[in-house]
Amino acid sequence: MQLSLSAGQFERWSVAIATAASAQTPQHLAASVSAGARELFASDRVYVGLYNRGTAPMTIDEGGPDRWNRAYDALSYKHDPFFQLFTRSADDFLLPLTSLATDDFERSRYYREFYDPSESCDEITGVFNLDASTAGFITYWRRRGAPPFGEAELSIAKAANPATRMLLGRLWHLLGRDGHRITAISDFSALSARETEITRLLLAGGCAKSIARRLAISSGTVRNHIKSIYGKLGVHSQVELMALRAPAIVAPRLVS
């Protein structure tokens, strides 16, 4: 299969990239990147965000709150084969899901709890290291019922890598400059491992009952943990917890 871009598609992609490069908010950048990527080849959604080896990732909502992004950032990322490759390697990569999914992928926790419920069918994900601990990522995503990505689409995505890397560096700059990054839970050293896990789920919008079901513990135990979390962090409600902000991780720098 061969794909070719018309002059109009190439122009619209170029305009979207230029718009993203001058974006003043992460959401505007994400929306522009997504619009441009859809000119390259058919993708139902395009996601961008940051991976970090020490904290939870951050996926940018381009058009309003996205519950799947929050679910991914809270817990599911740990089981994502792309995130796991990022933690094992310092190299940049752009790969289709087929290169990482094993024969038992459909029996994996990631598939059961996130990939299948989100109606995913296929993806190409690129990860570009920005420093020793942080990388930007882009995911081209197709919904169930669409054909899988082919070699031609992978080649086009790879050809766009220089622009993608530049825009992910811009995203990092925006998040570092305005300081509106989701709370870095690992900075809360007073929390136990279980409390950290529950805090991530609270930040994703979970309640005591839903968290209890996910962690297979009683609601009473979760409420006790929540009381302890609030006391340690000096907040009195889930709303106050979600209002917490963390400073930027580090000053932005692009790796050549």
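The values are calculated or read from the model by the stated rules, or taken from the named source; none is laboratory data. Note that this is a predicted model, so its numbers are computed, not measured. Reconstructed Cβ throughout: ideal geometry from the backbone, glycine too, with neighbour counts over all protein chains shown. SASA here: full protein model, heavy atoms, side chains in, ligands and nucleic acids out. Shrake-Rupley method; radii C 1.70, N 1.55, O 1.52, S 1.80 Å.
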Cβ-Cβ under 7 Å pairs, at least 6 apart or on other chains, the range 71-83 side farther than 12 Å from residue 58 by Cα and free of Cβ contacts under 8 Å to residues at least 24 places away in the same chain, far side open to solvent by 10 Å² or more (accessible area, probe 1.4 Å) and not in a loop (DSSP other than H, G, I, E, B): none
The range 86-102 residues that are over 14 Å from residue 124 (Cα atoms) and at pLDDT 95 or above, paired with ones that are open to solvent by less than 30 Å² (accessible area, probe 1.4 Å) and not hydroxyl-bearing (Ser, Thr, Tyr) (beta carbon under 7 Å, 6 or more apart): 86/127; 86/135
Every residue from the range 204-256 that is touching a helix residue (DSSP H, G or I) at 6+ places or on another chain (Cβ under 8 Å), modelled with pLDDT under 65 and within 18 Å of residue 190 (Cβ to Cβ): 244, 246
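Report, by residue number, each residue of the range 36-54 that is part of a helix (DSSP H, G or I) and in contact (Cβ under 8 Å) with a residue 40 or more places away in the chain.
The answer is 37, 40.
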Selection status of residue 33, surrounded by 22 or more Cβ atoms within 10 Å (Cβ to Cβ), assigned to a strand (DSSP E or B) and of a type in the set (A, V, I, L, M, F, W, C): no
Residue within the range 51-58 that is open to solvent by 10 Å² or more (accessible area, probe 1.4 Å) and closer than 15 Å to residue 141 by Cβ present: no
The range 7-30 - residue that is of a type in the set (Val, Ile, Thr) and assigned to a helix (DSSP H, G or I) and, of those, least open to solvent (accessible area, probe 1.4 Å): 17
Of all residues making up the range 133-170, the number that are of a type in the set (A, V, I, L, M) and without any contact (Cβ under 8 Å) to a residue 60 or more places away in the chain: 1
Check on residue 4, farther than 24 Å from residue 66 by Cβ, surrounded by fewer than 13 Cβ atoms within 10 Å (Cβ to Cβ) and not hydrophobic (A, V, I, L, M, F, W, C): yes
Residue count, the range 187-217 (criterion: surrounded by fewer than 17 Cβ atoms within 10 Å (Cβ to Cβ) and touching a strand residue (DSSP E or B) at 6+ places or on another chain (Cβ under 9 Å)): 1
